[in-house]
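In what follows, a single structure is set out as structure tokens and then discussed.
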Amino acid sequence: MSDDNKTGLEEMSPDEKLIRAEFDALLQDYLNSNHRRKVELITKAFEFANQAHAGVKRRSGEPYILHPLAVARIVCKEMGLGSTSICSALLHDVVEDTEYTVEDINNMFGPKIAQIVDGLTKISGGIFGEQASAQAENFRKLLLTMSDDIRVILIKIADRLHNMRTLGSLLPAKQFKIAGETLYLYAPMAHRLGLFSIKTELEDLSFKYEHPQEYAYIQERLEATEANRNALFERFAIPVDRKLQSMGLKYEMRARVKSAYSIWSKMQTKGISFDEIYDLYAVRVIFEAQQGVDEKTQCWEIYSAITDIYRIRPDRIRDWVSRPKANGYQALHLTVMGPDGQWVEIQIRSRRMDDIAEKGFAAHWKYKEHNIEEDTELDKWLHTITEILENPNPNALDFLDTIKLNLFSAEIFVFTPKGDIKTLPQGATALDFAYALHTNIGNKCIGAKVNHRLVPLSHPLASGDQVEILTSRSQEPQPEWLNFVTTAKARAKVDYALKRSRREAAREGEQKVVELFKNADIEPNTNDFDKLSLYYGFPKREDFFYSVEKGETVLSESIKKILKEKTDNRFFKYLKQALGVGKGPLVDLPPVEDEAKEMPHYDKKRPYVLREEALNRNYVIADCCKPIPGDDALGFINDDGNVVVHKRSCPIAMRLKSSFGERILSTEWSSHKTASFEATLEVKGIDSLGVLSTIAKIISEDFNVNIQRLLIEAKDGMFEGKIKMKVHDVEDIQKMCVRLSKIKNIKSVGRVAE
């Protein structure tokens, strides 16, 4: 280093030294990649962003520029993207937070970087901002932008990852909102784009902030069992190493431990303890592809070598090499019986497959930057998304749920009669398949033949099924179809067809009402239509006309008598008020006191204390998840200004966190000595004489708990039971579980959702 540089560094403030060190680390990451060397462009983008954000601090107190730098490092090192994406990441907040415009970016860095920055700026509000619940439109913008340049969403995911890594400096209510939004939207998006390691980290960080005690417990247990796992892996790996080396392969073999979030999810869904999870780790074999040898052939050669040593479990083979997942994932999965009598999952993949598995579509994008076109599954997914976006003005939450149907994807592969393959989500029905072929085929579908056997529209499909769709010209989409379509495209198309059909029926009904008016020598007008609608109990004219067309409402011939009723008739006024029709105060009606009621104010800087005496007055327990004192919980301020308490892990609460973040409160239970709450225990064990009476006696006598319902089912020498009871708090449940688990022949006890 020259004396001048030394002097320059010495003159820098601590913040400036920190910024310079981070930028040097970014350049080093970039130079370690195999991208073209455009250091000058990246340096120019950094200097520009550093000057634009000068003097601005993050909530944590560090200089703001460290955030764009961190996002750029994620984009470069963890996603494998090049200079265009790195510059866009450095500049991603400039247009939103400073005086500079997209035109300024375009003039200095060219149209491509300007387009990506513009895309990131457009989606920074709405679903990704403070007023998340208000807009589905911004989410539409995001998805439409994705079809222009996938790097927009990749940088957005990197931005969220850094925000999650630095979430500790925010208030708890804000943490719940961001963590919930991340689990609801970003983690599935990362999964769909094949960013496995980022998806896993997003899930784990969300879990850490939403359930800190459970997260700490699982991490402790993983550390405590690490030595034992390593010893098992060593014993398993020795003969496999010997065999693969004798084949002349270049490879690495390592054990991958299941993430804390996926362990916890399995414990929740299966109602099991940490010790009952047997697939805590998987063995990964990553080989270097040999020149002139097909990667698929090499995968099966390694498979053959391993199964010569260990006994395979045939039902656990997954061939993602011949048919990659929709997110580009390729690997050959198998499960074998290890030397210690435990099942071991093995994942076989080439270095290229591993690159795509870890960095997802970013790896594909590298090829696109070198003008190599690749028709990936992503393009098909984006095409599906675009079709959904054609539907006008969906409700924000419904729209998000529809999109989520496409984000979560455990795929099945279904064949047409001609042998073409269609990829569908697991659980898709024959009707979903019909809509996957064409909208008109879906609309006219009356049934299907699956493997030459006639099945209804609701029939769930399985991988490998051959499906022939049967249609009829007279068929129209029916409302009950919404109960068994699972794909976003099918749901959107059925919904659209039903709305169109309803509008057409309403027009026909309107003609019948007009005819009735003409027969009675009355000139039709909207006021009379409204009056008639209200008379028959409909707040909206369209609903009234639809009911007339369908024959559900029979019109009276004495229409003149109905219309001659005075407009200020109190019956109509009260009916209007009940149905919410009309604007402004209604004449002659007493004022409604509630309208003037002010919404209570909640201090979000400290937890909202759930006091026993305020139960059902200041707060209520959500019916969907029924939290009890001691559960990790949060509060949601409803439209009436009251607090509804949910478990943090509740699926409904996840929707609320991601869509109504500004209404979320962190909560804290006070002691509840007299109030009782519903809870359900699930008990499993070996069926034996007197076990039921022993369980009932312990619960009712030892714990003095009121049992509301007891269901026990015995089969083949085993029994399963659910016991619904009233308890004071989580501690009651935990003590009960410990006591019941000590009864002879009881194998597992745990709390479950009702």
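We did not get these values from a lab; they are worked out from the coordinates using the rules stated. Treat the numbers as computed from the prediction; the structure is a model and nothing was measured. We place every Cβ from the backbone using ideal geometry, glycine too, and count neighbours over all the protein chains shown.
Annotations
- Our estimate of slack between ALA289 and GLN466, defined as 0.36 nm per intervening residue step minus the Cα-Cα distance, is 60.3 nm.
- Over 21 Å (Cα to Cα) - which of LYS38/LYS112; LYS208/LYS747; LYS722/LYS747 fall in this group: LYS208/LYS747
- Label zone of TYR217 (point 7 Å out along Cα→Cβ, amide N under 18 Å): in region 705-737 this covers 728-737.
- Listed peptides 168-178, 50-60 appear in the order 168-178, 50-60 once ranked by packing, highest mean of other Cβ atoms within 10 Å at the front.
- Compared with the direct C-alpha span, the chain from MET337 to TYR536 gains 64.6 nm at full extension, assuming 0.36 nm per residue.
- Region 677-752 - convex hull of the alpha-carbon atoms, volume per residue in Å³: 74
- With R₀ fixed at 56 Å, the C-beta to C-beta distance from GLU552 to TYR278 puts the FRET efficiency at about 0.45.
- Label sites at GLN511 and ARG739, each approximated as a point 7 angstrom past Cα along Cα to Cβ, lie 7.3 nm apart.
- Gain on full stretching of the segment that runs from MET247 to ALA231 - 0.36 nm per residue minus C-alpha separation: 3.2 nm
- Seen from LYS673, the other residues with C-beta closer than 13 Å to its C-beta sum to a net charge of -4, counting Lys and Arg as +1 and Asp and Glu as -1.
- Above 18 Å, the calculated P(r) of region 608-669 contains 23 percent of its Cα-Cα pairs.
- Label separation (ASN638 vs THR166): 3.9 nm, computed from points 7 Å beyond Cα along the C-beta direction.
- Mean sequence separation of contacting Cα pairs (under 8 Å, at least six apart), scaled by the length of region 677-752, corresponds to a relative contact order of 47 percent.
- Taking other C-beta atoms within 10 Å as the exposure proxy, ILE153, ILE238 rank ILE238, ILE153 from fewest upward.
- Label-to-label distance, THR307 versus LYS112, with points set 7 angstrom from Cα along the beta-carbon direction: 4.5 nm.
- Calculated FRET efficiency for the pair ARG59/LYS747, C-beta based, R₀ 41 Å, to 0.05: 0.25
- Calculated FRET value between GLU99 and ARG318, using beta carbons and R₀ = 41 Å, to 0.05: 0.15
- Stokes-Einstein D (µm²/s) once Rh is taken as the Kirkwood radius of region 218-280 over alpha-carbon pairs, at 20 °C in 1.002 mPa s: 157
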